Amino acid sequence: MLTLAADIEVLARFGRALADPIRCRILLALREAPAHPADLADVLGISRTRLSNHLACLRDCGLVVAVPVGRRTRYELADARLGSALDDLRTAVVAVEADKTCPDADSKGCC
């Protein structure tokens with residue numbers, strides 16, 4: 001069983017990974033299928049250098065792994081359950097956005 005500190009660290013790493021829109025796009029792309037960096041850079045419309053920096057962050061967060069395939073490297077989600085977690089999180093956020101239970105949401109833009 002994980003300790004509270006370990007649980008917090010896991011959630012913090014996940015949050016750090018999701019804090020950048022490009023990393024979110026990478027995770028969503030890898031949710032669909034593993035990919036090589038050059039292909040990901042083309043699909044996302046970013047430079048390979050920029051992609052490499054984001055992939056390094058995602059590796060450090062433990063969310064993606066690099067798999068050697070011959071002379072190339074393919075990236076994939078570290079655990080298949082992350083794809084489901086991303087879907088659950090995305091739909092939960094959409095549900096909250098549609099609900100707008102905060103009375104100050106429109107005037108203060110807080111929610």
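The values are calculated or read from the model by the stated rules, or taken from the named source; none is laboratory data. For clarity, every value in this text was computed on a predicted model and none was experimentally measured. Virtual Cβ from ideal backbone geometry, glycine too; neighbours counted across all protein chains shown. The area values use the complete protein model at the heavy-atom level, side chains included, leaving out ligands, DNA and RNA. Shrake-Rupley method; radii C 1.70, N 1.55, O 1.52, S 1.80 Å.
Structure notes:
- Taken over region 79-107, the criterion of being at pLDDT 85 or above, surrounded by 11 or more Cβ atoms within 10 Å (Cβ to Cβ) and part of a loop (DSSP other than H, G, I, E, B) is satisfied by Asp79 alone.
- The residue that is farthest from the chain's Cα centre (by Cα), among those in region 27-49 that are among the hydrophobic types (A, V, I, L, M, F, W, C) and closer than 18 Å to Arg72 by Cα, is Ala38.
- Filter pass, Leu51 being at pLDDT 95 or above and either open to solvent by 70 Å² or more (accessible area, probe 1.4 Å) or touching a Leu at 6+ places or on another chain (Cβ under 7 Å) (or both): yes
- Set side by side, the residues Leu40, Leu55, Leu44 differ, and just one is in contact with a Pro (Cβ under 8 Å, 6 or more places away or on another chain) and without any contact (Cβ under 8 Å) to a residue 40 or more places away in the chain, which is Leu55.
- Enumeration of residues in region 16-38 that are of a type in the set (D, E, K, R) and surrounded by 15 or more Cβ atoms within 10 Å (Cβ to Cβ): Arg16, Arg23, Arg25, Arg31
- Filtered residues of region 64-78 (kept if open to solvent by less than 70 Å² (accessible area, probe 1.4 Å) and not in a strand (DSSP E or B)): Ala78
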